[in-house]
Every structure is written in C-alpha cells, then in structure tokens.
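Worksheet: the structure to be examined is printed underneath.
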Amino acid sequence: MLRTLAFRTSALLPAALVAAVALLPLAACAPGGTSGGGAGTAPTSTSYEDLVTLFKDWRDFEKPELVEGVYDYTAPAMAAQQRELADYQARLAAIDTSGWPIAQQVDHYVVSTEMNGLDFYHRVSQPWARNPAFYVSIFSAESDVPAHEGPVIHGWIDTWTYDYPLSPESAAELATRIGTIPSVLEQAQGNLVEDAADLWRMGIGAFEGQSAALGRLAERVAGTSADLDAAIQEAITASDEFAAWLEAELPSKTGPSGVGADNYDWYMRNVHLVPYTWNEQLTMMRRELARSIALLKLEEHRNRELPEQERIASAEDYDRLFNEAVTEYMEFLEGEDVYSVREYDDFALRERIGRFSPAEGLRGFFSEVSYRDPLTMRTHGHHWFDLAMMENEPHASEIRRVPLLYNIWDSRAEGMATGLEEWMMHAGLFDDSPQSRELIWILVAQRAARAIGGLMMHGNEWTIQEAVDFAAEWTPRGYMPADTSTVWSEQHFYLTQPGYATSYLVGKQMIEQLMAERALQLGDEFTLEGFMDELHATGLIPMSLITWELTGNKPEILEGDAQ
C-alpha cells in the first residue's frame with residue numbers, strides 16, 4: 001500500500017481544464033520577485049506603502065459580498081470573484097521590489113501566496129461546492145494556532161471569545177449572528193454541487209457536532225435573552241435538518257475528495273512555499289515513521305527494567321503535576337538559554353493546562369501522552385507562546401501582524417511546536433525521566449502515520465477509512481484506536497487542508513535546515529538562544545521566507561516563476 005506512486009493529473013479537473021490551467025501566464029500566480037512585474041506587466045510602483053495598501057484592499061476583496069447578513073458563496077458570486085482576482089494579482093505584479101530590503105520583499109511574497117491560495121480555492125479545492133463542513137459556523141474552543149485550521153466560511157462565530165454571563169449587548173450581537181445560520185445552510189444546499197464522497201460523509205458528523213455545541217451553548221445562556229434562546233433553537237433545527245439532508249444525499253456521492261498529487265504539488269510550491277513534492281513528502285514521512293518506531297524500541301530496550309509509567313489518576317495530582325511541568329519547562333528554557341523567555345510566556349502556557357478528566361479507558365491520544373508525563377506536551381505548547389507574542393508584541397509589518405490566510409503559517413507554527421518536543425529531549429529536558437523519551441518517539445510516529453494517510457487521501461489512493469485505519473495501526477501502543485474521534489477528526493481536517501498533515505514534520509525539518517545554515521554562517525557566534533530569538537522576530541510566515549530573511553540566501557523555491 002505504501003508503494004511509490006507516479007504523478008498523475010488530478011481526477012478533480014477535466015483534461016481540457018488541466019491543459020488550460022497549464023497554459024495560464026505564470027506571472028499571474030508567481031510569488032513575489034525582485035525584478036518588478038511579471039511577464040507583460042510594466043512596473044507601476046516602487047513603493048512599499050503601495051504594497052501595504054494593496055494588502056488591505058486584498059483582504060477586503062477576499063471576503064465574499066455580504067447579502068442580508070450572509071456571505072455569498074453562490075456560483076455566480078464565486079465566478080465573479082475569480083475573475084476579479086486577476087486584477088489584484090496584476091496590481092501585485094506591477095510593484096517593483098528590486099530596491100527593497102529583503103524583509104519587505106518577503107512581505108511581497110506573503111501577499112502573493114495568499115492570492116495564490118484563493119486562486120487554488122477557485123480552480124481546485126472549491127470548499128463552498130465540495131466540502132459541507134465548510135459551512136460550520138460555531139467554534140466553541142480557541143485554536144492553538146493563529147487562525148482556524150482548514151477552510152472556514154466567513155462569518156464564523158467564536159463563542160469562546162465572549163464573556164459569560166453575557167451582557168445585554170453581547171447577547172443581542174450573538175443572537176443576530178447565530179440567527180444567520182439557517183440562511184447560511186439554505187444557501188449551502190444550493191452551493192454544494194460537487195461529488196466528493198468522503199468530504200460529504202464527514203460533513204454529517206460535523207453538523208451533528210455543531211448541533212451539540214449549540215445545545216451546550218443554549219444551556220449556558222438560558223434565560224439571558226429570549227431572542228438568543230430562539231436563535232439558538234432555530235440554528236439547532238437548521239443544523240439537524242442539514243445533517244439529515246447530507247445523509248439522504250450521501251448514497252449518490254462516489255467521487256474522490258483529494259486534490260490529486262499534481263495539484264498538491266502546485267499548492268505546496270505556490271501557496272505554502274514548501275519545496276517538497278507529494279512524492280518527496282511521502283518518502284520523508286515513511287522515513288520518519290520507521291525512524292521513530294525504531295528509536296522507540298531502542299528506548300524501550302534501554303528502560304526494560306523500569307516499571308511502567310502510570311497515568312495521573314486524580315484531579316489533585318493533575319493540577320499539581322501539570323503546574324509543576326509548566327514551572328520545570330519554563331525554568332529549563334531560561335536556565336539552559338534556549339530562548340529569551342518573555343514575561344507573558346508562563347501565563348500563556350499555564351492558562352492552558354486544562355482540567356482532569358476521569359476515564360476508565362483511553363482519553364484520547366494526546367491525553368494518553370500527557371497523563372503519563374505532562375512535561376512532554378508542554379513543549380508543543382509553544383503555540384501559546386506564539387499567540388501571546390502576536391497579541392503582546394505585534395509585528396512591525398502590518399502584513400505580518402495578522403494571521404495569514406489559508407494556513408500559510410503551518411510550516412513555522414506546527415514545525416516549531418512539533419520540533420521542540422524532540423529538540424528539548426536532545427537538549428536534556430527528559431534526562432531524569434528516561435521513559436518520557438519513549439513518549440516523544442510515540443508522538444513522532446503518530447505525526448508520521450497520520451501524515452502518510454493525509455498524503456494518500458490527497459493522492460486519491462486511499463479513502464478516509466483507509467487513512468484512519470493506517471494511522472491507528474501505526475500509532476504505537478494502541479493509543480489511538482480507529483474508532484476514536486481523534487483519528488477521524490484529524491484525517492477529516494487533513495482532507496480539507498492539503499499539506500497540513502505533513503507540516504508538523506516537514507516544518508520541523510525546514511527549521512532544522514535553517515538552524516544548520518545559520519550555524520555554518522555564524523560559526524562560534526551561533527547560539528541556540530540567538531537562533532530562536534531571531535526566528536521568533538520574523539513572525540509566523542512560511543519557513544522558506546524566514547530562511548531567506550535570516551540567511552540572506554534566497555531558497556531555490558523562491559527563484560524564478562512558479563512551476
């Protein structure tokens with residue numbers, strides 16, 4: 001099943017359309033550049049301020065038109081947006097960046113990759129027409145990355161951002177916003193015309209989840225406002241009816257849900273600026289899976305005389321051990337000069353330790369790791385440092401001050417958080433807890449196994465069921481059975497967002513490559529703390545751009561026109 005696969009044209013695009021796309025002028029979708037406009041486009045500006053203005057205009061344009069409180073994703077509206085996108089790409093190509101500092105040229109690339117992301121939406125992924133879960137509006141918990149993971153409809157509602165009990169003003173606002181959900185789902189039934197069986201199947205559960213989340217919200221705010229109570233109940237009914245409609249239509253859905261390997265390669269190169277193809281990433285993930293399991297077995301052999309690690313068994317122990325883990329980790333970062341700890345980092349990490357959850361059996365993959373040693377996943381909690389940094393120390397660049405669209409930050413955000421797990425182990429964090437080293441290799445194996453599933457789904461080689469089964473089978477110790485929500489929700493997410501499944505380990509590798517280059521450049525002046533600090537200062541942008549800004553050497557993927 002894991003044979004090397006040849007590239008082929010995506011099954012999502014008719015041959016004539018593939019040929020037409022291949023003939024499109026590359027200047028319209030190429031990343032930034034140092035020589036001004038693209039082919040046939042005369043430079044009209046050399047001003048960085050014009051780029052900032054264009055970025056603001058672009059962000060307004062990226063949102064569909066708002067019609068009676070609902071964003072318009074109908075076919076005519078999307079066709080019009082796709083036509084107008086070319087005008088924004090032309091404006092960007094007409095800005096001459098040849099005299100700019102690298103940091104400003106990097107910003108030009110950031111804007112270009114976002115535009116390429118919308119282009120990919122229109123040409124290939126079309127979430128408004130293929131992915132029912134795109135229309136989920138209710139989000140009850142904060143993501144640990146800069147923005148929502150995967151495609152999300154504009155007008156989403158982050159209920160976790162409100163203060164409870166709700167003020168009259170907040171209750172009225174929430175009633176109005178939730179009140180649009182029935183109209184959103186009515187529009188969705190007309191928009192969802194493409195045949196993507198696995199996306200359709202997973203959409204049923206997504207709306208059952210939305211209905212449940214609205215039910216919990218209804219209990220929380222009951223009696224606050226009659227209008228809010230009514231809006232929530234109407235939204236629950238609409239969500240249930242939408243799920244039932246999806247289930248009724250499911251038997252007619254038989255088409256593939258992945259984007260295809262060729263489209264995946266275009267997306268990696270032109271949107272996420274990742275220099276590895278579908279085939280190359282598959283090879284990398286296979287290698288990571290084998291490496292992690294082999295090293296796990298060596299660690300287990302080394303620790304074979306030690307008693308088995310026990311899980312935390314009480315709320316009292318949970319609170320104590322998780323808080324102790326935060327303290328130990330912060331002291332390690334500062335005492336070992338890993339990076340310059342900021343005054344808000346401790347609070348950012350400690351605030352997210354959660355609470356004890358009683359369980360007879362498995363709690364979920366990451367809890368199975370954390371309940372054995374809370375320190376392990378405090379390293380991945382670097383996400384919260386990133387978010388605190390964005391809030392407390394906004395980047396000097398207006399373009400980098402806001403979360404980038406289309407999850408373009410994934411190689412940096414997920415690569416850093418995942419990398420720190422293993423890097424801190426090598427730096428000595430678990431020297432006094434040898435069995436926790438085993439947990440780190442289990443984490444790597446799980447990331448690699450689920451990434452292989454994500455790749456195979458997008459190559460249209462596996463169904464989501466096959467991806468789930470593979471990830472469950474290859475996650476050590478049975479910590480992630482195939483019938484658990486963790487593995488299903490992850491593979492569903494990776495199916496909606498090409499490249500995210502591999503970003504944890506691919507991003508980690510790209511940071512390691514950058515570390516090696518900076519060590520070579522700086523020689524004896526290189527320090528881990530200095531490297532981490534300069535990396536943080538660039539903001540949450542693709543790792544290829546960070547590499548260019550920090551080394552001064554432009555990565556090959558950024559040279560010339562897009563391929």
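Name every residue in region 440-467 that is of a type in the set (Gly, Ala, Ser) and assigned to a helix (DSSP H, G or I), in order of residue number. Lay out the reasoning, then the answer.
To start, the set of residues in region 440-467 that are of a type in the set (Gly, Ala, Ser) comprises 445, 448-449, 451, 453-454, 459, 467.
Answer for region 440-467, where residues must be of a type in the set (Gly, Ala, Ser) and assigned to a helix (DSSP H, G or I): Ala445, Ala448, Ala449, Ala451, Gly453, Gly454, Ala467.
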### Query
Is region 378-396 home to any residue that is polar (S, T, N, Q), assigned to a helix (DSSP H, G or I) and closer than 18 Å to Val341 by Cβ?
yes
## Note on the structure
Within region 387-409, the count of residues that are in contact with a helix residue (DSSP H, G or I) (Cβ under 6 Å, 6 or more places away or on another chain) and surrounded by fewer than 21 Cβ atoms within 10 Å (Cβ to Cβ) comes to 4
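Quick one: would you say Glu194 is modelled with pLDDT of 95 or more, in a helix (DSSP H, G or I) and either over 25 Å from Ala471 (Cβ atoms) or not hydroxyl-bearing (Ser, Thr, Tyr) (or both)? Don't jump to the end; show me each part of the working.
Values: modelled with pLDDT of 95 or more: yes; in a helix (DSSP H, G or I): no; either over 25 Å from Ala471 (Cβ atoms) or not hydroxyl-bearing (Ser, Thr, Tyr) (or both): yes.
It is false that Glu194 is modelled with pLDDT of 95 or more, in a helix (DSSP H, G or I) and either over 25 Å from Ala471 (Cβ atoms) or not hydroxyl-bearing (Ser, Thr, Tyr) (or both).
Applying the selection to region 471-489, what residues are in a helix (DSSP H, G or I) and either of a type in the set (Lys, Arg) or surrounded by fewer than 22 Cβ atoms within 10 Å (Cβ to Cβ) (or both)?
Residues of region 471-489 that are in a helix (DSSP H, G or I), as a first pass: 471-474, 476-478, 485-489.
Glu473, Trp474, Pro476, Arg477, Gly478, Ser485, Trp488, Ser489, listed by residue number.
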## Note on the structure
From the option list Leu514, Leu439, Leu420, single residue qualifying as among the aliphatic types (A, V, I, L, M), crowded, with 24+ Cβ neighbours inside 10 Å, more than 20 Å from the chain's Cα centre (by Cα) and more than 19 Å from Met285 (Cβ to Cβ) is Leu439
### Task
Looking at (1) outside any helix (DSSP H, G or I); (2) within 30 Å of Leu214 (Cβ to Cβ); (3) over 20 Å from the mean Cα position of the chain (by Cα); (4) small (Gly, Ala, Ser), find the lone condition where Ala129 falls short.
(1)
### Message
Regarding region 305-318, can at least one residue be identified that is modelled with pLDDT of 95 or more, crowded, with 17+ Cβ neighbours inside 10 Å and assigned to a helix (DSSP H, G or I)?
### Response
yes
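Looking at Ala77, is it part of a helix (DSSP H, G or I) and either surrounded by fewer than 16 Cβ atoms within 10 Å (Cβ to Cβ) or modelled with pLDDT of 95 or more (or both)? Spell out how you get there, then give the answer.
Working: part of a helix (DSSP H, G or I): yes; either surrounded by fewer than 16 Cβ atoms within 10 Å (Cβ to Cβ) or modelled with pLDDT of 95 or more (or both): yes.
Here the answer is yes, as Ala77 does meet what is asked.
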### Query
Can you find even one residue in region 213-234 that is part of a helix (DSSP H, G or I), touching a Lys or Arg at 6+ places or on another chain (Cβ under 7 Å), more than 18 Å from Gly69 (Cβ to Cβ) and not hydroxyl-bearing (Ser, Thr, Tyr)?
no
### Task
Residue by residue through region 329-351, note down the ones that are charged (D, E, K, R), crowded, with 16+ Cβ neighbours inside 10 Å and either in contact (Cβ under 8 Å) with a residue 40 or more places away in the chain or part of a loop (DSSP other than H, G, I, E, B) (or both).
Asp345
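The values are calculated or read from the model by the stated rules, or taken from the named source; none is laboratory data. From a predicted model like this one, the values you see are computed outputs, not experimental measurements. Cβ: placed from backbone, ideal geometry, glycine included. Neighbour counts: every protein chain shown.
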